[in-house]
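Single-structure report; data block below.
The values are calculated or read from the model by the stated rules, or taken from the named source; none is laboratory data. Remember, predicted model here, so these are calculated numbers, not experimental data. All Cβ positions, glycine included, derive from the backbone under ideal geometry; neighbour counts span all protein chains shown. The accessibility values were calculated without ligands, DNA or RNA, using every heavy atom of the protein model including side chains. Shrake-Rupley method; radii C 1.70, N 1.55, O 1.52, S 1.80 Å.
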Amino acid sequence: MKYILASESPRRKELLEMIGLEFEVKPSHSDETFEKDLSIEEQSKRLAYIKAKSVFDETTGDRAVIGSDTMVIKQDKIYGKPHTRDHAIAMLRDLSNDKHQVITSISVISQKNGEYKEQLDYDIADVYFKKMTDEEIEKWIDDDKPYDKAGGYAVQSAFGVHIEKINGNFFTVMGLPIHKLYDMLKNI
């Protein structure tokens, strides 16, 4: 069985390596436009699915394709990856001294001995930020480059000093709920 990660995320690669999975990386280039009238959970699950499905359709043989999507949400506002320094500053100011949620969806599409299977799930964690000064925000942005991270931060980095607590799974916040992935892989 061949395992394929449909993502270029260094964090997701690190997590798959951590659990000892041998895999290849084949990024998805699917359209990640939101669809109207879907809940945030459904949007996230849909994006994880289309990432996995597009790579699955480009490959053959016995394989399991892993797609994932992470969103940072505060009061129904979605915080994606910041595009500019000013955008990152505004985003982190908005998240400072408050609670937000991180939702990470995961899709595993597999074919084994001719049997096709789709598995889709998500996990949510509450993240509480301490109050950050503008100087602290700017230092993070200048030192660690937040532009490839939903919400503009990385929980597993030095940014962790600004996180008061997490209610939920740490790896969900990092970008891949490995506890759910493990069960999906066992189910193939």
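In summary, Q111 fulfils each of the numbered conditions (1) surrounded by 13 or more Cβ atoms within 10 Å (Cβ to Cβ); (2) among the polar types (S, T, N, Q); (3) on the phi > 0 side of the Ramachandran plot with the single exception of condition (3). For the criterion of being open to solvent by less than 70 Å² (accessible area, probe 1.4 Å), assigned to a loop (DSSP other than H, G, I, E, B) and modelled with pLDDT of 95 or more, M132 passes. Pairing residues of the range 141-166 that are aromatic (F, W, Y) with residues that are part of a helix (DSSP H, G or I), at Cβ distances under 6 Å and at least 6 apart in sequence or on separate chains, gives Y153/F159; F159/W140.
Total residues in the range 4-18 satisfying the condition of being buried (at least 21 other Cβ atoms within 10 Å of the Cβ), assigned to a loop (DSSP other than H, G, I, E, B) and not polar (S, T, N, Q): the figure is 1. Residues that are open to solvent by 10 Å² or more (accessible area, probe 1.4 Å) and either assigned to a helix (DSSP H, G or I) or modelled with pLDDT of 95 or more (or both) were ranked within the range 71-83; the one that is farthest from E32 (Cα to Cα) is K74. Residues in the range 59-84 that are in contact with a helix residue (DSSP H, G or I) (Cβ under 9 Å, 6 or more places away or on another chain), farther than 15 Å from V102 by Cβ and among the small types (G, A, S): A64, G67. The condition of being in contact with an Asp or Glu (Cβ under 9 Å, 6 or more places away or on another chain) and either open to solvent by 10 Å² or more (accessible area, probe 1.4 Å) or on the phi > 0 side of the Ramachandran plot (or both) holds for I40.
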